[in-house]
Amino acid sequence: MVFETSNPVRIAMVGGGPAAFIGPIHRMAAQLDGRTRIVAGAFSSDPERAEEGARVCGLAEDRGYADWRTMIAREAARPDGAEAVAIVTPNHLHLPVALAALEAGLHVISDKPATATLGEALQLREAVERSGLVYALTYTYTGYQMIRHARAMVKAGAIGDVRKCSVRYAQGWLSEPVEHSGNRQAAWRVDPEQAGAGGCIGDIGVHAFNLLEFVGGLEVESFVADLASLVPGRELDDDCNMLLRLTGGRPGVLTASQIATGERNDLELHVHGSKGSLAWRHEDPACLAVLWPGGRSETLRGGSPEIDGPSRLPTGHPEGFIEAFANIYADFAGAIRGDPDVIDGILPGIRAGVRSMQFVERAVSASKSRAGWTRLEE
């Protein structure tokens, strides 16, 4: 992978300060290829934590802010100011920060989901379309080389007509009420005021939903949702099981859980076609299994010239989570700079954000009312 790095996109980050999980990953990914560069940050509303975040990132003293509104206004006014804003906050801040950035003429790259509610996502869609600016979501798993190769295989008809897709995402870190023991990452994810309507479905279920549509080339049209809150005292779901109907009535299955005791971050996808099937697992992300009739199978490995999608390393050297994030940041920069090599539809944008929030809110409502088969879009 060779990139033009003489004119990196200047980014200001909101959130992701000291002790944050996703902020440091965004920063490493943003700067991995030299196509984007963090020049300012409002890493925390606490002045001391904000100052520490700026110092850790090596920012100039006047480029660290304790208030994101002030940062956006000042950076937009500087001749060398930020061109884009990266949002790595809890969900309830995604909309106000994105709106302020777009109104200031700054592009936006945001952690998923796009917003806390569907109503907010629709409001954001209007703002994005009105602005003409680039808006992207870091649906991380779409950045993996082998996921992009799987998508290309499906689009080329290599496994025939897609008949069924299934995706499973299992974590166990919320199998106990750790939100009451000082775990800040857990605390906001189980709080409806910060996370929005969905718990597990909004945190990792949207990843599974997005990945299935991204690779399978089909859209979820309807579903039966069974969401549960299994740890006593939780308002939001921590387990999600769904039957899906995809484009043309094809079947699908989606399960996501954060109370699967002992699981770490086990995401796996299966796409079954009329000629063959594809299987990918996050615990071995550089491999894609291709299954053919008659017991024949093959394993494709990342890094070789025959594999679609970007790679930074020679064959046999696995790339992972940060590199997948970095691919999305590189595509974001390419979209801003008008790079013709950015594949159309490869960068998750506002449409993916709106569909994900439709998925979350309709599933939560349908599960509570035991509505049975429910259309994703009314």
Revision key, fill the gap. Selection from region 125-137 of residues over 8 Å from Ile350 (Cα atoms) and either in contact with a helix residue (DSSP H, G or I) (Cβ under 7 Å, 6 or more places away or on another chain) or part of a helix (DSSP H, G or I) (or both) yields Glu126, Ala127, Glu129, Arg130, Ser131, Leu133, Val134
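Here's the yes/no breakdown for (1) part of a loop (DSSP other than H, G, I, E, B); (2) surrounded by fewer than 24 Cβ atoms within 10 Å (Cβ to Cβ):
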residue: Ile201; (1), (2): no, no
residue: Leu218; (1), (2): yes, yes
residue: Val224; (1), (2): no, yes
residue: Val231; (1), (2): yes, yes
residue: Glu235; (1), (2): yes, yes
residue: Asn241; (1), (2): no, yes
Review point. Out of Glu298, Glu306, Glu283, Glu263, which single residue is more than 19 Å from Asn210 (Cα to Cα), surrounded by fewer than 21 Cβ atoms within 10 Å (Cβ to Cβ), touching a residue at least 12 places away in the same chain (Cβ under 8 Å) and out of contact with any Lys or Arg (no Cβ under 6 Å at 6 or more places or on another chain)?
Key: Glu263
Check your understanding: Among Ala101, Ala127, Ala114, which is the only one that is more than 17 Å from the chain's Cα centre (by Cα), buried (at least 22 other Cβ atoms within 10 Å of the Cβ), closer than 21 Å to Ala333 by Cα and not β-branched (Val, Ile, Thr)?
Key -> Ala101
Practice item. Hey, can you tell me all the residues within region 243-255 that are outside any helix (DSSP H, G or I) and either more than 11 Å from Ser166 (Cα to Cα) or not small (Gly, Ala, Ser) (or both)? Key: Leu243, Leu244, Arg245, Leu246, Arg250, Pro251, Val253, Leu254, Thr255
**Study point:** Residue that is surrounded by the most Cβ atoms within 10 Å (Cβ to Cβ) [pool: residues in region 317-362 that are assigned by TED's automatic domain parsing to the domain that holds Ser222 and over 16 Å from the mean Cα position of the chain (by Cα)]
**Key:** Arg362
Check your understanding: Is it true that Ala82 is crowded, with 24+ Cβ neighbours inside 10 Å, assigned to a loop (DSSP other than H, G, I, E, B) and in contact (Cβ under 8 Å) with a residue 60 or more places away in the chain?
Key -> yes
Review point. Which one is surrounded by the fewest Cβ atoms within 10 Å (Cβ to Cβ), of the residues in region 15-26 that are under 21 Å from Asp203 (Cβ atoms) and not hydrophobic (A, V, I, L, M, F, W, C)?
Key: Pro24
Check your understanding: Would it be correct to say that Ser175 is in contact (Cβ under 8 Å) with a residue 12 or more places away in the chain, within 25 Å of Val253 (Cβ to Cβ), assigned to a loop (DSSP other than H, G, I, E, B) and outside the structural domain of Gly23 (by TED's automatic domain parsing)?
Key -> yes
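The values are calculated or read from the model by the stated rules, or taken from the named source; none is laboratory data. This structure is a prediction, so every number in the text was calculated from the model and none was measured. Cβ sites come from the backbone with ideal geometry, for glycine too, and all protein chains shown count toward neighbours.
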